[in-house]
2 protein chains.
Amino acid sequence: MKIEIWSDVMCPFCYIGKNNFEKALEGLPFKDEVEVEWKSFQLDPSLNPVEIKTTMEYFKEKKGFPEAQVKQMIGQVLQMGKDAGIEFNFEKALITNTFLAHKLLHLAKKYKKADKMEEALFIAHFIDGKNVGDKDTLISIAESLGLDKDEAQQVLASDEFNDEVQRDFSEAQNHRISGVPFFILNGKYSVSGAQPSGFFAEALQQTYNETAGKLKDISSGENSCDADGCSI
Amino acid sequence: MKIEIWSDVMCPFCYIGKNNFEKALEGLPFKDEVEVEWKSFQLDPSLNPVEIKTTMEYFKEKKGFPEAQVKQMIGQVLQMGKDAGIEFNFEKALITNTFLAHKLLHLAKKYKKADKMEEALFIAHFIDGKNVGDKDTLISIAESLGLDKDEAQQVLASDEFNDEVQRDFSEAQNHRISGVPFFILNGKYSVSGAQPSGFFAEALQQTYNETAGKLKDISSGENSCDADGCSI
């Protein structure tokens with residue numbers, strides 16, 4: 001059973017959603033049959049890669065929100081984070097372009113470490129106040145997961161994995177995804193937003209009951225080869 | 001819409017199935033929405049990599065088939081090949097271990113050339129009588145598709161892509177696939193064997209009607225971020 005999750009590093013609900021989703025999955029008897037695929041999404045591709053703003057600056061200056069509204073939003077997300085076991089540090093968080101971080105996610109995916117990379121990027125951005133648009137920062141995150149430093153450097157300095165990131169963006173467009181996190185459950189159901197883990201548990205169970213291992217064979221006749229030869 | 005196809009290079013019905021499937025797909029109005037993923041399957045992993053046999057030797061010596069039965073089987077497959085536009089050359093074909101060829105398929109997949117690689121491997125094996133277990137032969141096939149010679153060499157000399165090939169085998173086991181070609185149509189239907197292209201056209205149309213772009217949203221509430229900020 002495949003779960004695709006579109007997410008952006010600078011999206012607090014994506015981090016909350018990840019925690020809630022993983023907590024739900026952990027308690028399900030079929031968890032080992034679930035393949036999670038992290039997909040790239042950029043909330044603000046217009047950010048200049050060398051532009052760095054605090055959360056308050058970003059929403060006031062770039063988005064034109066009144067300070068009181070930003071404070072209220074931050075307060076609510078802080079509380080929801082606490083409920084999900086996350087101590088967001090919005091004072092320190094640095095908002096910048098996340099394209100390079102998404103390239104690193106795809107490098108990690110190649111080595112089956114996309115889960116760990118998502119987590120590491122969220123921690124770097126939301127907890128440690130690191131600049132996830134900075135190449136050296138990203139390379140040291142890659143190293144901390146046991147990825148090869150030179151390969152990470154090469155990926156960030158070249159076009160490598162640009163196509164993979166862009167393909168995730170295109171897929172999101174095809175699915176008319178405008179907000180994240182966005183989950184597609186085995187190609188059947190979609191879930192938008194950081195839902196509670198109880199919700200994810202039920203949704204995963206329902207998807208599993210309805211779709212997993214339920215392939216319907218519609219073949220007519222033989223014409224295949226197996227270990228004993230080819231039958232016609 | 002995703003179509004997964006398990007196949008082995010030494011399987012004539014896989015080549016026939018590929019032609020029939022592609023002919024069907026070509027005529028469908030939604031062909032650009034279809035993503036084909038080639039998966040690895042080995043009909044005979046027990047073959048020693050340096051062991052090379054003709055088709056007749058293989059079925060007589062390794063499988064213990066009477067010569068008359070092998071001749072009949074070859075005759076039938078030859079005719080089915082002709083009907084699908086393939087001139088099989090079973091006199092020349094060299095049966096050997098296909099694990100290295102599957103590694104090369106996964107290298108090609110990385111560069112979105114898996115379709116072309118499948119075709120090139122079938123032609124090398126079934127038409128040109130090349131030894132697809134031989135590294136130099138495989139490297140020159142990779143080069144002919146515009147892949148990097150050094151990278152192909154490196155993949156064949158190392159463990160690179162072994163995990164990907166093995167994962168395809170495991171998935172096949174999970175789906176209880178014992179013969180190839182085996183098609184999974186958008187996670188809903190399975191088709192075993194080289195069915196006629198008319199069959200594939202109907203099956204693809206039905207799958208498209210029933211599953212493509214038909215995600216059902218089961219979200220409750222918001223808690224997501226979009227270009228305008230985060231809504232709770």
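The values are calculated or read from the model by the stated rules, or taken from the named source; none is laboratory data. Quantities reported herein were computed from a predicted structural model and do not represent experimental measurements. Positions of Cβ are backbone-derived with ideal geometry, glycine not excepted, and every protein chain shown enters the neighbour counts. To get the accessible areas, we keep the full protein, side chains included, count just its heavy atoms, and leave off ligands, DNA and RNA. Shrake-Rupley method; radii C 1.70, N 1.55, O 1.52, S 1.80 Å.
Given the structure, is residue B:33 at pLDDT 95 or above and either under 24 Å from residue B:199 (Cβ atoms) or of a type outside the set (A, V, I, L, M, F, W, C) (or both)? No, not satisfied. Restricting attention to the range A:191-225, the residues that are within 7 Å of chain B (Cβ to nearest Cβ) and surrounded by fewer than 19 Cβ atoms within 10 Å (Cβ to Cβ) add up to 9. Quick check: is even one residue across the range B:56-72 in contact (Cβ under 8 Å) with a residue 40 or more places away in the chain and crowded, with 17+ Cβ neighbours inside 10 Å? No, the range B:56-72 contains no residue that is in contact (Cβ under 8 Å) with a residue 40 or more places away in the chain and crowded, with 17+ Cβ neighbours inside 10 Å.
Against the criterion of being open to solvent by 40 Å² or more (accessible area, probe 1.4 Å) and small (Gly, Ala, Ser), residue B:146 qualifies. In the condition set (1) farther than 30 Å from residue B:31 by Cβ; (2) open to solvent by 10 Å² or more (accessible area, probe 1.4 Å); (3) assigned to a helix (DSSP H, G or I), residue B:155 is compliant with all but (2).
Within the range A:53-77, being assigned to a loop (DSSP other than H, G, I, E, B) and either at the interface with another protein chain (Cβ under 9 Å from one of its Cβ atoms) or under 22 Å from the mean Cα position of the chain (by Cα) (or both) holds for A:63, A:65.
With respect to residue A:95, is the statement that it is within 27 Å of residue A:161 (Cβ to Cβ), surrounded by 15 or more Cβ atoms within 10 Å (Cβ to Cβ) and within 12 Å of chain B (Cβ to nearest Cβ) true? Yes, satisfied.
Of all residue pairs spaced 6 or more apart or on separate chains, those with beta-carbon atoms under 7 Å, a first member in the range A:163-174 that is touching a residue at least 40 places away in the same chain (Cβ under 8 Å) and a second member that is part of a helix (DSSP H, G or I) and open to solvent by less than 60 Å² (accessible area, probe 1.4 Å) are A:164/A:106; A:165/A:99; A:165/A:102; A:165/A:103; A:165/A:106.
Yes or no: the range A:176-183 includes at least one residue that is more than 9 Å from chain B (Cβ to nearest Cβ), farther than 13 Å from residue B:218 by Cβ, more than 18 Å from the chain's Cα centre (by Cα) and not aliphatic (A, V, I, L, M). The answer is no, given that none of the residues of the range A:176-183 is more than 9 Å from chain B (Cβ to nearest Cβ), farther than 13 Å from residue B:218 by Cβ, more than 18 Å from the chain's Cα centre (by Cα) and not aliphatic (A, V, I, L, M).
Just one of the listed residues (A:128, A:159) is closer than 22 Å to residue A:47 by Cα, within 14 Å of chain B (Cβ to nearest Cβ) and out of contact with any helix residue (DSSP H, G or I) (no Cβ under 6 Å at 6 or more places or on another chain), and it is A:159. Among the numbered conditions (1) in a helix (DSSP H, G or I); (2) open to solvent by 20 Å² or more (accessible area, probe 1.4 Å); (3) touching a helix residue (DSSP H, G or I) at 6+ places or on another chain (Cβ under 9 Å), the only one that residue B:81 does not meet is (2). Of the residues making up the range A:100-113, those that are under 24 Å from residue B:227 (Cα atoms) and either buried (at least 23 other Cβ atoms within 10 Å of the Cβ) or out of contact with any Gly (no Cβ under 8 Å at 6 or more places or on another chain) (or both) are A:101, A:102, A:103, A:104, A:105, A:106. In this entry, residue A:182 is excluded by the filter for residues that are within 19 Å of residue A:22 (Cβ to Cβ), hydrophobic (A, V, I, L, M, F, W, C) and open to solvent by 40 Å² or more (accessible area, probe 1.4 Å).
Set side by side, the residues A:141, A:86 differ, and just one is modelled with pLDDT of 95 or more, within 25 Å of residue A:196 (Cα to Cα) and β-branched (Val, Ile, Thr), which is A:86. In this structure, is residue B:50 in a helix (DSSP H, G or I) and either within 11 Å of another protein chain (Cβ to nearest Cβ) or open to solvent by 70 Å² or more (accessible area, probe 1.4 Å) (or both)? Judged against the criteria, residue B:50 is not a match. Taking the numbered list (1) more than 14 Å from every other protein chain (Cβ to nearest Cβ); (2) in a helix (DSSP H, G or I) in turn, residue A:89 passes all entries but (2). Here residue B:13 fits the description: within 12 Å of chain A (Cβ to nearest Cβ), under 14 Å from the mean Cα position of the chain (by Cα) and under 26 Å from residue B:176 (Cα atoms).
Annotation: residue B:140 fulfils all but one of (1) over 19 Å from the mean Cα position of the chain (by Cα); (2) among the hydroxyl-bearing types (Ser, Thr, Tyr); (3) open to solvent by 40 Å² or more (accessible area, probe 1.4 Å); (4) facing chain A (nearest Cβ under 8 Å); the unmet one is (4). Residues that are away from chain B (no Cβ under 12 Å), assigned to a helix (DSSP H, G or I) and among the acidic types (Asp, Glu) do occur in the range A:16-32.
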